[in-house]
1. (1) at pLDDT 70 or above; (2) part of a loop (DSSP other than H, G, I, E, B); (3) surrounded by 17 or more Cβ atoms within 10 Å (Cβ to Cβ); (4) not charged (D, E, K, R): which one isn't true of B:G120, the others all being true?
2. Restricting attention to the range B:18-39, and to residues there that are more than 7 Å from DNA strand C (Cβ to nearest atom) and farther than 30 Å from A:G47 by Cβ, which single residue is nearest to the other protein chains (Cβ to nearest Cβ)?
3. Using beta carbons and a limit of 6 Å, which pairs, at least six apart or on different chains, have the first residue in the range B:35-50 and within 18 Å of A:N50 (Cβ to Cβ) and assigned by TED's automatic domain parsing to the domain that holds B:S15 and the second one of a type in the set (D, E, K, R) and more than 6 Å from DNA strand D (Cβ to nearest atom)?
4. Give the residue that is nearest to DNA strand C (Cβ to nearest atom), with candidates limited to residues of the range B:40-60 that are closer than 27 Å to A:V65 by Cβ and polar (S, T, N, Q).
5. Do we have A:S4 as modelled with pLDDT under 80 and within 16 Å of DNA strand C (Cβ to nearest atom) here?
6. Within the range B:40-61, is there a residue that is within 12 Å of chain A (Cβ to nearest Cβ) and more than 12 Å from DNA strand D (Cβ to nearest atom)?
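The values are calculated or read from the model by the stated rules, or taken from the named source; none is laboratory data. All figures in this text were calculated on a predicted structure; none of them were measured in a lab. As a convention, Cβ positions derive from the backbone with ideal geometry for all residues, glycine included, and neighbour counts pool all protein chains shown.
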Number of protein chains: 2
Amino acid sequence: MSQSPGAPLAVIAASLQRERRRTGLSLAEVARRAGIAKSTLSQLESGAGNPSVETLWALSVTLDVPFAQLFEPNRPRVRVVRKGEGPAVASERADYVATVLSPSPPNARRDVYLVTAQPGEERASDPHMPGVVEHVVLSTGRALVGPADDPVELAPGDYIAYPGDLPHTFRALEPDTMAVLVSEHV
Amino acid sequence: MSQSPGAPLAVIAASLQRERRRTGLSLAEVARRAGIAKSTLSQLESGAGNPSVETLWALSVTLDVPFAQLFEPNRPRVRVVRKGEGPAVASERADYVATVLSPSPPNARRDVYLVTAQPGEERASDPHMPGVVEHVVLSTGRALVGPADDPVELAPGDYIAYPGDLPHTFRALEPDTMAVLVSEHV
DNA sequence: GCGCATCGTTCGTCAAGACGAACGACCGAC
DNA sequence: GTCGGTCGTTCGTCTTGACGAACGATGCGC
C-alpha cells in the first residue's frame, strides 16, 4: 500500500480549507457539525494523515459540496472554442467529426464534444468502458442516435441519453448535421 | 462521528465487486496490484469497515475507474426528451427558457439544459454556488455569453466555459437563439 | 490419486486515525 | 484591567483499519 499513486492529500487539505472559508464557519464549528473531533479536522486541513471515507463524507455533507470535489484542485477560467477550432477526435471517417470542447478534469470522466456529420454509412461505436452514459442534443439537421439495436430519430432541440457501454450509433440523415455530445462516466 | 449520514459503504462494496468482475481479475490479484492486503479487500467487498482514502484511491486506480464512481449506485437507461418537452426552469422572463434535459445524479452536480432565448434585455445571472462552471455550446442564432463583465459573442458551433460562481450573462442577439448549457460543479 | 499454486475468508497483532483534554491566543463584555 | 467563551494546535490514549499468517476450498499438472 505504498507503491500506488496516492490520493491527493494535499489537494484534500486545500479543498477543506477553501470550502470552510467559503462557509465562514470556524474549524471548531465545522468539526462539531460533521460530528468529528476538531483536532481531526485540524490535522486534515494541514495535510496530515489519511482520513477514512466516513470522515471525509461527513465533511463533504457539512460543507455542502459534492464528495468528488474535495479531490479536485483547480478552477477553470473562461475558455472559448470557435466552430472549426479545437482538437478533433481521430476518426477514419470524414463524414463524422467530433471536436473536443472540454476534456475531462483529473480523475473524472466527462467530455463535451461538438459532433458534425454528413449522411453516409452509419457511425457505429463499439461499447465504451462500463458506466459511460452519452447525452446528445441535436443542434441542426437530423440524425438517428442511440443504442445500435434501437436508435431514435432526433430533430433540432431533441435530446437523448443512453448507455455508452453498449453498442451505439450516430447516423446523420441530413447534410451538416450538428450535435452536442456529453460523454459522462457515472 | 456517528451522527451524520454516512458514506454509502454498501454501495462501495457493490461497486468494488462489480468493477473487479468487469476486469476478470481475482480478489487476490486486484489487492496485489493495488498494494493492499487481500484480507482488506475481502472485508471491503463484504461491506465491513470504513476504508481510508488512500486504500480506496489505490483501488480506483487499479480498477481503472473514476474515484467518484465507487460511490454511485445505479445505471441510467435510454431517455429521450423532445424539443419543447421536459421541465422548464422557473423564469420570470418569457424570452429566456431553460429546459432541464438531464438532472444531476446523486452526490454530484451537473445538469444539462437546452436554452431557448429571444432578443430582449440581458439575462444576467447572480453567481451560483462556488465551484460551478458553465459550458455553453451555441446551436442556432447568436448570443453574448459569459462573465457579466466580459461576455463573448457566440455563433453556431461556438463554445465557451466560464465560472458560474461569478456574475454571468446570456443575451440573445437573434430570434430563436438556442444553446446547450452544461452546468457542472467542479 | 498427490502435490503445488492460488483462491477467498477468518483471525490475531500492530500502528495510525480519531478521540478528548490541555494549552496559549484571541475576542468581547464588564 | 479581568473574566468567560471560543478559537486552532498539540498531545496522550483508545479503537479500528490494515497487515500477514493460517486455513479450507479449488483447479491444474503429473
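1. So B:G120 meets the others, but not (3).
2. Looking at the filtered set, the residue picked out is B:R22.
3. Short answer, once both residue conditions are applied: B:N50/A:E54.
4. So the first thing to find is which residues in the range B:40-60 are closer than 27 Å to A:V65 by Cβ, and the list is B:44, B:47, B:49-60.
Cutting the leftovers down to polar (S, T, N, Q) gives us B:50, B:52, B:55, B:60.
Values: B:N50: 7, B:S52: 5, B:T55: 10, B:S60: 18 Å.
Step by step, filter the range B:40-60, then rank; the result is B:S52.
5. Details: modelled with pLDDT under 80: yes; within 16 Å of DNA strand C (Cβ to nearest atom): yes.
So A:S4 passes the test.
6. Scanning the range B:40-61, I find at least one residue that is within 12 Å of chain A (Cβ to nearest Cβ) and more than 12 Å from DNA strand D (Cβ to nearest atom), so the answer is yes.
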